[in-house]
Amino acid sequence: MRLNVVGGTMIALLLIALVLAYSTMFTVYQTRQALVIRLGEPIRDITKPGLNFKYPLVDTVIHIDKRILDIESPAQEVIASDYKRLVVDAFARYKITKPLLFYQTVGSVEGGNARLLTLLNSALRRVLGEVTLMQVVRDQREELMAKVRTQVEGEAQAFGINVVDVRIRRADLPEQNSQAIYQRMQTERQQEAAQFRAEGSRRSQEIRAKADRDVTVLVAEATSTAERVRGEGDAERNRIFAEAYGKDAADFFTFYRAMQAYEQGLQKSDTRLLLRPDTEFFRFFADPNGRPRAGAPKQ
């Protein structure tokens, strides 16, 4: 009976010793860092992974994430320096680099997120309030994000936080302002289109008027040239007639009158002429010089 009591006691003591030995050990993983708290007071932080020891019952271990964490700022309205309202949506990534300071100032990751979100919103309002709408939307977006990160980083150091990056996900006008600007842009484009059409019509009329003027000038020049050439031809014809008439006035007159008679008498009509080929009327057909044939009857 006595042996049974001693054996039970030894087993109980052994179990208590195992529990105490197990409670003195804890493991820090690669993605975590640990903070040892003794009776409510932090005494040391552990950032390297591995097996570590603590006093049982009096020491408590708090594990803090070592990875890069992120927070998202809800959409908020910011007034730029040109008094334009912007709806800004941003986010930040950060790491807890000093777990002891982090625990002493904010207590937990949730508390750190709340404090960091306040710093992010304040920095966004300060930085974006100093620039214009176009600088935020287009011209200096990268520089502004870097400036916001620098300001948040400087204030977050007091909480043991290192801000890795800050990004502006969206920076747009409010919905009512967007509609008004869209309508204004549409009106401006319509005015530009009407101006381009008017300019095109004016240019078309100028080109058409110039083409009509060029055609008139060309026709006038061509008519003038034709009249000059026709006059020169008539003058040359008259000169030839005069020379021919001056050489043999009687024969030329006879020849000219015969040609006129042929033109008048040999027209296409119902008139019939019954003449012999060797008559005086056809003498220029038989002889270009108009000499009558021997023995030809006279008219």
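The values are calculated or read from the model by the stated rules, or taken from the named source; none is laboratory data. Small disclaimer: the values here were computed from a predicted structure and weren't measured. Heads up, the Cβs are rebuilt from the backbone with ideal geometry, glycines too, and the neighbour counts pull from every protein chain shown. The accessibility values were calculated without ligands, DNA or RNA, using every heavy atom of the protein model including side chains. Shrake-Rupley method; radii C 1.70, N 1.55, O 1.52, S 1.80 Å.
Of everything in region 123-154 that's closer than 21 Å to PRO174 by Cβ and of a type in the set (S, T, N, Q), which residue is modelled with the lowest pLDDT?
Ranking the qualifying residues of region 123-154, first place goes to GLN135.
What number goes with the only condition from (1) modelled with pLDDT of 85 or more; (2) open to solvent by 90 Å² or more (accessible area, probe 1.4 Å) that GLN183 does not pass?
Evaluating GLN183 over (1) modelled with pLDDT of 85 or more; (2) open to solvent by 90 Å² or more (accessible area, probe 1.4 Å) leaves (1) as the failure.
With the requirement that a residue be aliphatic (A, V, I, L, M), in contact (Cβ under 8 Å) with a residue 60 or more places away in the chain and in contact with a helix residue (DSSP H, G or I) (Cβ under 6 Å, 6 or more places away or on another chain), what does region 24-77 give you?
LEU35
Show the residue pairs that are 6+ apart or on different chains and have beta-carbon atoms under 9 Å apart, the first residue being within region 204-215 and β-branched (Val, Ile, Thr), the second being surrounded by fewer than 10 Cβ atoms within 10 Å (Cβ to Cβ) and part of a helix (DSSP H, G or I).
none
Restricting to region 141-163, name every residue that is buried (at least 16 other Cβ atoms within 10 Å of the Cβ) and outside any helix (DSSP H, G or I).
If the condition is that a residue be buried (at least 16 other Cβ atoms within 10 Å of the Cβ) and outside any helix (DSSP H, G or I), then GLY160, ILE161, VAL163 are the ones that fit.
Which residue is nearest to LEU69 (Cα to Cα), if the candidates are limited to region 24-55 and must be among the basic types (Lys, Arg) and in contact with a strand residue (DSSP E or B) (Cβ under 6 Å, 6 or more places away or on another chain)?
The selected residue is ARG32.
Take the residues in region 74-93 that are touching a Lys or Arg at 6+ places or on another chain (Cβ under 9 Å) and within 10 Å of LEU128 (Cα to Cα), then tell me which one is surrounded by the most Cβ atoms within 10 Å (Cβ to Cβ).
VAL88
Give the residues of region 75-109 that are assigned to a loop (DSSP other than H, G, I, E, B), more than 25 Å from ALA158 (Cβ to Cβ) and among the small types (Gly, Ala, Ser), sorted by residue number.
Within region 75-109, ALA80, SER81 qualify.
Between ARG126, ARG115, which is in contact (Cβ under 8 Å) with a residue 40 or more places away in the chain, open to solvent by 70 Å² or more (accessible area, probe 1.4 Å) and either assigned to a helix (DSSP H, G or I) or in contact with a Lys or Arg (Cβ under 7 Å, 6 or more places away or on another chain) (or both)?
On the way: ARG126 fails: in contact (Cβ under 8 Å) with a residue 40 or more places away in the chain.
None of the others qualify; the one that does is ARG115.
From VAL106, VAL78, VAL166, grab the single residue that is within 30 Å of LEU35 (Cα to Cα), among the β-branched types (Val, Ile, Thr) and touching a strand residue (DSSP E or B) at 6+ places or on another chain (Cβ under 8 Å).
VAL166
Would you be able to say whether some residue in region 130-139 is closer than 30 Å to ILE37 by Cβ, surrounded by 14 or more Cβ atoms within 10 Å (Cβ to Cβ), without any contact (Cβ under 8 Å) to a residue 60 or more places away in the chain and out of contact with any Leu (no Cβ under 8 Å at 6 or more places or on another chain)?
Taking every residue of region 130-139 in turn, none turns out to be closer than 30 Å to ILE37 by Cβ, surrounded by 14 or more Cβ atoms within 10 Å (Cβ to Cβ), without any contact (Cβ under 8 Å) to a residue 60 or more places away in the chain and out of contact with any Leu (no Cβ under 8 Å at 6 or more places or on another chain).
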